[in-house]
Amino acid sequence: MNFWQYSSPQYFYPLAKKMAIIFFVLACILTVWGLYIGFFVAPTDFQQGESYRIIFIHVPAAWMSMIIYLVMSFWAAIGLIMNTRLSSMLAQALAPTGALMTFIALWTGAFWGRPTWGAWWVWDARLTSELILLFLYIGYMALRASIEDPRRADRASAILALVGVVNVPIIYFSVKWWNTLHQGASVSFTKSPSMATSMLTGMLVMALAFWMYSIAVSLVRVRRIIRDREANAGWLNESRGAS
Amino acid sequence: MKPRYKRLILVVVALALLTLGATFVLKAFRSNLVFFYTPTEVLAGQVPDGQAFRIGGMVQEGSVGRKEDGVTVRFEVTDTIENVPVQFIGILPDLFQEGKGVVAQGRINAEGIFLADQVLAKHDENYMPPEAAEALERARKIKMDKQ
Amino acid sequence: MFSAFLSVLRKELLLAFRQKTDVVTVLFFFLIVSSLFPLAVGPELSTLKIIGPGVIWVGALLCSLLALHRVFESDFSDGSLEHLVLSGEPLSILVIAKIAAHWLVTGLPVVIVAPLIGLQFGLPSTSLILLVGTLLLGTPVLSLIGSIGAALTLGVRGGAALTSILILPFYVPVLIFGAGAVVADLQGLSIDGHISVLLASLCISVALAPLAIASAIKIALE
């Protein structure tokens, strides 16, 4: 079997359907498991009480918002350099999910900030850059929507995504750059996490669930994009008749 | 001039600019972008005159008290060297505790009391269950007793 | 290569001087917008002093946006942009020439007028000098980054509004550090960090923005 054949929309289309189902099922299982750990197993925080439990949603969403931007830019760049249609379609499919994750991170963060910091919104570096990330997603989708020729839309938005990539590391390292209200990262790759094990497990399981969900939703969306853009190609009608 | 040389010159110029940019970024990292002042800095007069600013530190143990009107809170912010009295009217955030971090925004009056418009709790990076926190606390006490 | 740069620059400046209304419009926009703020906020000098640097910076930023759409659009619609691309000279150099001209006719006047508005906001003279300095460093970055948006939206319906949505998020760091430097100085803080970041963004955007713009133009012309 030639692995590369799946870079063609025609072969990817049926594969995406199978994969989407698998990832949806995984997402459901992991969400139930993660929420169970989060609400029943993980202990109450000694300082923040119960309100810390929002991290089981907030932190995975914040992670995903940044990761999706990177993945989206990666596929956009591949589409720009290698001139492959499917890569650009993937980038296009990822953007709404990324924007949703950014929104969830901001929203849950506001709910958590009110009882713990005493303010719904604080203009510190990390919150601000997350907000800018939301604006970047919106700009990306707006540019895409307003260019009618899909190939030009692919390439123009790829350039925009790459320009915006500079912003994602700013978000991640802003905690170290600016000495602000937002706490330092609780999980880091260099030192052991300063969290109880069950809290960490819950958070990681939820993060995995968010990964699965994002992949599944993007696959469904990429199928719709393929349907829209390849509507004139003969194979789509054939496969629709078959499946 | 051949197109190849032109491109080479442009690449060299761009790389030189990027290197220069990187050095400025490094320089920016090393300089201190201040978010709040410590009580020591406040008492040493390093704060802007007549301007609103932020003061940060720990809430001094045993310093929190309310006035007779029931809404005015007074406490002292300390960096373990100096203390600054703070007065605040309003609801304190849940995480506000004696001995914990706090950031207050406002201005200092003629008597040297900091009149806060907003009080923000600054929590640390540790999430742990109460038992673990107690264990840590006990360990610290034992260590101090030994000394 | 350098002569091509100069000839594009000269042509653009000549065009701008023939149509003085463009430059004058941007300047008056800046003056009027900045004068609206005291009317909205109130004439209290202590408040105005605090918001002054920010207002002037936002004004400069909006002016940059206002003029952006013209950088490439007219050349794109009459076909002369295609000639530039086919001229054989490196496109990024020609792009820099166009942006330099754009900055000279819209950015620089704003920088020169800024101290006047600063006086209206009761800023002390040291702040005024610093304001001019940060604007001198920052407005070229605004022009460079903004031109990426202008090039990406060439020939697109509603391009001017779209450019603003695309570009404003990228203006944020420049705004924060540009206005922040003046405010920090007013509060007696060190501004080395702010100036370093502004210098860094100037260097990096001069190096990278022309590349992005050149490829965006080529995409638009295909």
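Tell me which of these B:Ser31 doesn't satisfy, since it passes every other one: (1) more than 8 Å from chain C (Cβ to nearest Cβ); (2) modelled with pLDDT under 75.
(1)
Among the residues of segment C:163-184, are any surrounded by 24 or more Cβ atoms within 10 Å (Cβ to Cβ), out of contact with any strand residue (DSSP E or B) (no Cβ under 7 Å at 6 or more places or on another chain), farther than 24 Å from A:Phe135 by Cβ and not acidic (Asp, Glu)?
yes
Sort out which residues of segment C:99-120 are buried (at least 23 other Cβ atoms within 10 Å of the Cβ) and either charged (D, E, K, R) or more than 30 Å from B:Leu8 (Cβ to Cβ) (or both), and write them in order of number.
Selection gives C:Thr106, C:Gly107, C:Val110, C:Ala114, C:Ile117, C:Gly118.
Among the residues of segment C:12-49, how many are assigned to a helix (DSSP H, G or I), surrounded by fewer than 19 Cβ atoms within 10 Å (Cβ to Cβ) and over 19 Å from the mean Cα position of the chain (by Cα)?
The number of residues fulfilling the criteria is 12.
Return the residues of segment B:109-123 that are surrounded by fewer than 16 Cβ atoms within 10 Å (Cβ to Cβ) and either in contact with a Leu (Cβ under 7 Å, 6 or more places away or on another chain) or not assigned by TED's automatic domain parsing to the domain that holds B:Met58 (or both); say none if nothing qualifies.
Correct list: B:Asn109 only.
Look through B:Lys122, B:Lys100 and report the one residue that is touching a strand residue (DSSP E or B) at 6+ places or on another chain (Cβ under 7 Å), modelled with pLDDT of 70 or more and not acidic (Asp, Glu).
Answer to the check: B:Lys100.
Considering each residue of segment B:76-106, count those that are closer than 17 Å to B:Tyr37 by Cα and of a type outside the set (Val, Ile, Thr), and give that number.
11
Which numbered condition in (1) within 25 Å of C:Ala114 (Cα to Cα); (2) touching an Asp or Glu at 6+ places or on another chain (Cβ under 8 Å); (3) buried (at least 20 other Cβ atoms within 10 Å of the Cβ) is the only one that C:Leu81 fails?
(1)
With the condition being within 13 Å of chain B (Cβ to nearest Cβ) and free of Cβ contacts under 8 Å to residues at least 40 places away in the same chain, I'd like the helices (runs of 4 or more DSSP H) fully within segment C:115-222 carrying at least 3 qualifying residues.
C:159-186, C:192-221
Regarding A:Ser73, is this residue at the interface with another protein chain (Cβ under 9 Å from one of its Cβ atoms) and among the polar types (S, T, N, Q)?
Values: at the interface with another protein chain (Cβ under 9 Å from one of its Cβ atoms): no; among the polar types (S, T, N, Q): yes.
For A:Ser73, the condition - at the interface with another protein chain (Cβ under 9 Å from one of its Cβ atoms) and among the polar types (S, T, N, Q) - is not met.
Could you list all residues from segment B:79-108 that are crowded, with 20+ Cβ neighbours inside 10 Å and assigned to a strand (DSSP E or B)?
B:Val84, B:Val86, B:Phe88, B:Val102, B:Val103, B:Ala104, B:Ile108
Would you be able to say whether some residue in segment C:76-87 is β-branched (Val, Ile, Thr), within 24 Å of C:Ala4 (Cβ to Cβ) and either out of contact with any Phe, Trp or Tyr (no Cβ under 9 Å at 6 or more places or on another chain) or away from chain B (no Cβ under 14 Å) (or both)?
Let us first name the residues in segment C:76-87 that are β-branched (Val, Ile, Thr), namely C:85.
The next check asks that each one be within 24 Å of C:Ala4 (Cβ to Cβ); those that pass are C:85.
So of that shortlist, the ones also either out of contact with any Phe, Trp or Tyr (no Cβ under 9 Å at 6 or more places or on another chain) or away from chain B (no Cβ under 14 Å) (or both) come out as C:85.
Scanning segment C:76-87, I find at least one residue that is β-branched (Val, Ile, Thr), within 24 Å of C:Ala4 (Cβ to Cβ) and either out of contact with any Phe, Trp or Tyr (no Cβ under 9 Å at 6 or more places or on another chain) or away from chain B (no Cβ under 14 Å) (or both), so the answer is yes.
The values are calculated or read from the model by the stated rules, or taken from the named source; none is laboratory data. Quick caveat: nothing in here was measured; it's all calculated off a predicted structure. Glycine also receives a Cβ, built like all others from the backbone with ideal geometry; neighbour counts cover every protein chain displayed.
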